[in-house]
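The values are calculated or read from the model by the stated rules, or taken from the named source; none is laboratory data. Treat the numbers as computed from the prediction; the structure is a model and nothing was measured. Glycine gets a Cβ as well: all are built from the backbone with ideal geometry, and neighbour counts include every protein chain shown. Quick note on the areas: whole protein, heavy atoms, side chains included, nothing else; ligands and nucleic acids left out. Shrake-Rupley method; radii C 1.70, N 1.55, O 1.52, S 1.80 Å.
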Amino acid sequence: MKAWRIHRYANPCAALELDEVERPEPGVGQVLIKVRAATINANDIDGCYGRYKIVKPELPFTPGMEGMGEVEAAGEGSE
């Protein structure tokens, strides 16, 4: 599957790269969403510059706080 990921801190055009990544498996109480639409909001832009307010994920990472899609798989205990 493909994911936009931040590999270096810079403006979004320079920071984001489209990568091929492994499909995650949902854990207990989790669902896997096939994203059909996503936004890049102010927090995600801050993440491109390395300025997330609460956490600073290890590079590379996939930004994203908003998205729309459909449930593709559900982990145990998910409805």
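Couple of notes before you dig in:
- Note that the chain presents 74 Å² accessible area per residue, ligands and nucleic acids not counted, probe 1.4 Å.
- Those trypsin sites (Lys or Arg not before Pro) in the range 1-44 that DSSP places in a loop and that have at most 15 other beta carbons within 10 Å: Arg8
- Relative contact order (%) - the range 22-66, alpha-carbon pairs under 8 angstrom, separation at least six: 37
- Distance between the 7 Å Cα→Cβ label points at Val71 and Leu18: 3.0 nm.
- The value of relative contact order for the chain, using C-alpha pairs under 8 Å at least six residues apart, is 42 percent.
- Apolar share of the accessible surface for the chain: 54 percent from carbon plus sulfur atoms, 1.4 Å probe.
- The chain: Rg to Rh, with Rh as the Kirkwood radius over Cα pairs: 1.00
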